[in-house]
Every structure is written in structure tokens, then in C-alpha cells.
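Heads up: the structure comes next, in C-alpha cells.
The values are calculated or read from the model by the stated rules, or taken from the named source; none is laboratory data. Treat the numbers as computed from the prediction; the structure is a model and nothing was measured. For neighbour counting, all protein chains shown are included, and Cβ atoms are generated from backbone atoms with ideal geometry for every residue, glycine included. What goes into the accessible areas is simple: the full protein's heavy atoms, side chains included, and nothing from ligands, DNA or RNA. Shrake-Rupley method; radii C 1.70, N 1.55, O 1.52, S 1.80 Å.
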Amino acid sequence: MVYRKFLYCGQLYGIGFQELPTLADLEAKHIKLNHAFPQFRFPQNNSVWAVLFDTIDPVTDSPLGFKHVKFDGLAGGRVLQNVASIIYDHYNICDAGAYVFSAAEDREHERGTDLSVIYSRALGLQGHRTSRLFSPFIGWNAYTDIDAGRRSYVVTTQSYQP
């Protein structure tokens, strides 16, 4: 696991990247892309990375369990902007073929908008226009299995070669 931390509004966040070198590794993470992207083929020349995002306890340096965080005003957008920037930096270093991630459920009902809706809006899925936040990601394509009742996403990069 490779991860990077950032601080925003007094809260520490971490975004982690775990390389999934084979289809078996992908399936071991319970990521089933057949609903999100039926024509997905594991890239031959570059890798797939699972992306994890969480708040971090600054004392223990440990993730806080994927709980939802309430944001004031535009803070949520700023955090998402940091995450997108870190993913783009990772891509520029690793030349990943695809990224996979899931939208955590809001079990505590702390969010006004479900994370899957936020991700779908940002990525231009489910009838939404792609957010300006992802304008640097030219040639990237996003897919989701929300319509099948799941919460997974796959984003192929311009380097994706099945």
C-alpha cells in the first residue's frame, strides 16, 4: 500500500493506492466489474490500482473506518479536489491502466447526499455531466455498477490497454 496524507480544515486525510497485479487480486478485494464495465479486460502493459480514502487519526496515524465526514460550505469540494490531484499525481508516476474504488455507505446517515451520487456526479455518470474537477483527466473513462445495486467504480486511464 502506498499512501499520501493531506490536512484540510484541521482534519487529516489519507488516500491509499494498492496495486492489484492480477485479476485474482482484484476479485479477492470483492470488486466485481462485470456490472460496472462488462467489457473490462485486465490490462496487459500496466496495472490496476485500488484507491482507498479515509480520515486519519493524527495520534495513531490509523484510518478511522471510512466514516462519513460533514463538511461546511465548499469544504467537501476542496477535499475532493485534493483527492483528484493526488490520483493524477499517482498516475503520472505509475502509468496505471485503471483505478477501482467503492463509495462507502453512510450507515450513520450523516450525509445529505450519498457518496455514490457525489462520485457519479464528479465522474459524469448516471446522466450527470463530468465535473470540471476532472478536466485534467483527458482520455479517462468511468464506469459504475450503481444500477445493479452495488457501489463500485472503475476508471480507465488513457494508458489502459486490455
| Number of the condition not met by Ile93 [criteria: (1) surrounded by 13 or more Cβ atoms within 10 Å (Cβ to Cβ); (2) on the phi < 0 side of the Ramachandran plot; (3) out of contact with any Ser or Thr (no Cβ under 6 Å at 6 or more places or on another chain)] | (1)
| Which condition breaks for Asn45 when tested against (1) in contact with a strand residue (DSSP E or B) (Cβ under 9 Å, 6 or more places away or on another chain); (2) touching a residue at least 40 places away in the same chain (Cβ under 8 Å); (3) of a type outside the set (Phe, Trp, Tyr); (4) open to solvent by 90 Å² or more (accessible area, probe 1.4 Å)? | (1)
| message | Taking the conditions exactly as written (part of a strand (DSSP E or B) and buried (at least 18 other Cβ atoms within 10 Å of the Cβ)), does Val154 satisfy them or not? | response | yes
| note | Taking first residues from the range 117-129 that are on the phi > 0 side of the Ramachandran plot and second residues anywhere that are at pLDDT 85 or above and open to solvent by less than 40 Å² (accessible area, probe 1.4 Å), the pairs with Cβ under 6 Å that are 6 or more apart or on different chains are Gln126/Ser120
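This table checks each residue for (1) among the β-branched types (Val, Ile, Thr); (2) within 22 Å of Gly16 (Cβ to Cβ); (3) part of a loop (DSSP other than H, G, I, E, B); (4) open to solvent by 50 Å² or more (accessible area, probe 1.4 Å).
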site: Leu33; (1), (2), (3), (4): no, yes, yes, no
site: Val51; (1), (2), (3), (4): yes, yes, no, no
site: Ala84; (1), (2), (3), (4): no, yes, no, no
site: Tyr99; (1), (2), (3), (4): no, yes, no, no
site: Glu105; (1), (2), (3), (4): no, yes, yes, yes
site: Ala122; (1), (2), (3), (4): no, yes, no, no
site: Tyr143; (1), (2), (3), (4): no, yes, no, yes
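Please verify whether the range 2-20 includes one or more residues that are open to solvent by 80 Å² or more (accessible area, probe 1.4 Å) and assigned to a loop (DSSP other than H, G, I, E, B). If you could, list the steps in order and put the result at the bottom.
Within the range 2-20, the subset open to solvent by 80 Å² or more (accessible area, probe 1.4 Å) is 2-5, 7, 9, 19.
Pick out the ones that are also assigned to a loop (DSSP other than H, G, I, E, B) and you get 9.
Yes, some residue in the range 2-20 is open to solvent by 80 Å² or more (accessible area, probe 1.4 Å) and assigned to a loop (DSSP other than H, G, I, E, B).
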